[in-house]
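So the structure is just underneath, and the comments pick up after that.
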Amino acid sequence: MAKNKSRGFTLIEWMIVVVIVAILAAIAYPSYRNQVINGNRAAAESYLMALATRQEQYMLDARSYATTVGAGELNFPAPPEVANHYQAVVITLGAAPPTFTLTATPIPGDMQASDGALWIKSDGSKSPNWK
């Protein structure tokens, strides 16, 4: 008589697979998170550059820099990928000669919080954490 062999995986084999998957996830997740943070920062930097360009155009048209970003003078609200991770962009104006500083501050507690504030000035200088 032939014995009926059961087929399938044993508990030990399943546990080995679970451990391997956990190790791979522990290695991959930090890299994934860093890439997401870099992508969010790049989106904010791109937005600030576009906003600085609009400020310069506004200066040519109105002979002063705009004071509002959203529905005001520039009418250039932040896209969702920036608005979800950074507080509203703040425009700081200088008196003589006219200057501006655009600042995007990460939302406290968000993954971007460790990234620090991003800023760009009318003279083209940028925050040290600008990549």
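Observations, loosely collected:
- Residue within segment 49-68 that is among the hydrophobic types (A, V, I, L, M, F, W, C), without any contact (Cβ under 8 Å) to a residue 12 or more places away in the chain and under 30 Å from Ala95 (Cβ atoms) present: yes
- Residue in segment 55-74 that is loosely packed, with under 13 Cβ neighbours inside 10 Å, modelled with pLDDT of 85 or more and under 22 Å from the mean Cα position of the chain (by Cα) present: no
- Restricting segment 75-104 to residues that are under 18 Å from Glu56 (Cβ atoms) and among the hydroxyl-bearing types (Ser, Thr, Tyr), the residue that is nearest to the chain's Cα centre (by Cα): Thr103
- Residues (of a type in the set (A, V, I, L, M) and within 24 Å of Gly116 (Cα to Cα)) located in segment 44-77: Ala44, Leu48, Met49, Ala50, Leu51, Ala52, Val69
- Residue list for segment 20-45, filter: under 11 Å from the mean Cα position of the chain (by Cα) and not polar (S, T, N, Q): Val36, Ile37, Gly39, Arg41, Ala42, Ala43, Ala44, Glu45
- Here the condition is being hydroxyl-bearing (Ser, Thr, Tyr) and either in contact (Cβ under 8 Å) with a residue 12 or more places away in the chain or touching a helix residue (DSSP H, G or I) at 6+ places or on another chain (Cβ under 9 Å) (or both); of Thr103, Thr92, it holds for Thr103 alone.
- Residue match in segment 14-37 (condition: assigned to a helix (DSSP H, G or I), in contact (Cβ under 8 Å) with a residue 40 or more places away in the chain and surrounded by 15 or more Cβ atoms within 10 Å (Cβ to Cβ)): yes
- Elements of type strands (runs of 3 or more DSSP E) in segment 63-131, at least 1 residues being hydroxyl-bearing (Ser, Thr, Tyr): 90-94, 99-104
- Enumeration of residues in segment 116-126 that are within 13 Å of the chain's Cα centre (by Cα) and surrounded by fewer than 20 Cβ atoms within 10 Å (Cβ to Cβ): Gly116, Ala117
The values are calculated or read from the model by the stated rules, or taken from the named source; none is laboratory data. Just so we're clear, the structure is a prediction, and the values are computed from it rather than from any experiment. Methodologically, a virtual Cβ is constructed for each residue, glycine included, from the backbone with ideal geometry; neighbour enumeration extends over all protein chains shown.
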